[in-house]
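Colleague: Here it is, the structure, as structure tokens.
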Amino acid sequence: MAHKGSHAGYLNCPMCDAEVPISGDEKVGDDVYCPFCSIPLKLKKKKNDELFLEENF
Ligand SMILES: [Zn+2]
């Protein structure tokens, strides 16, 4: 809930729509694994600086 400008929080898994916890230490391009469906995801950033996850097969 605490948004203090960092990336910490949750991003939605594009496969199973679960909330994937993000520590805030991840960088764009890092690999993140969904804890629910276990698929590899890549951390990406939209033009508006919003982070999102994309499948990384
Ligand atoms: Zn998932």
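The values are calculated or read from the model by the stated rules, or taken from the named source; none is laboratory data. Owing to the predicted nature of the structure, the values given are computational and were not obtained by experimental measurement. Don't worry about glycine lacking a Cβ; one is built from the backbone with ideal geometry, like all the others, and counts go over all protein chains shown.
Colleague: For region 47-57: of the residues being under 11 Å from the mean Cα position of the chain (by Cα) and within 14 Å of the ligand (Cβ to nearest atom), which is surrounded by the most Cβ atoms within 10 Å (Cβ to Cβ)?
Modeller: In this case the residue turns out to be Leu53.
Results for (1) over 15 Å from Asn56 (Cβ atoms); (2) loosely packed, with under 11 Cβ neighbours inside 10 Å; (3) more than 16 Å from the ligand (Cβ to nearest atom), shown as yes or no for each residue.
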residue	(1), (2), (3)
Ala8	yes, no, yes
Leu11	no, no, no
Pro14	no, no, no
Ser23	yes, yes, yes
Tyr33	no, no, no
Pro40	no, no, no
Lys45	no, no, yes
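Colleague: Now, a different point. So which residues in region 2-27 are modelled with pLDDT of 95 or more and not in a strand (DSSP E or B)?
Modeller: Correct list: Cys13, Pro14, Met15, Cys16, Asp17, Ala18.
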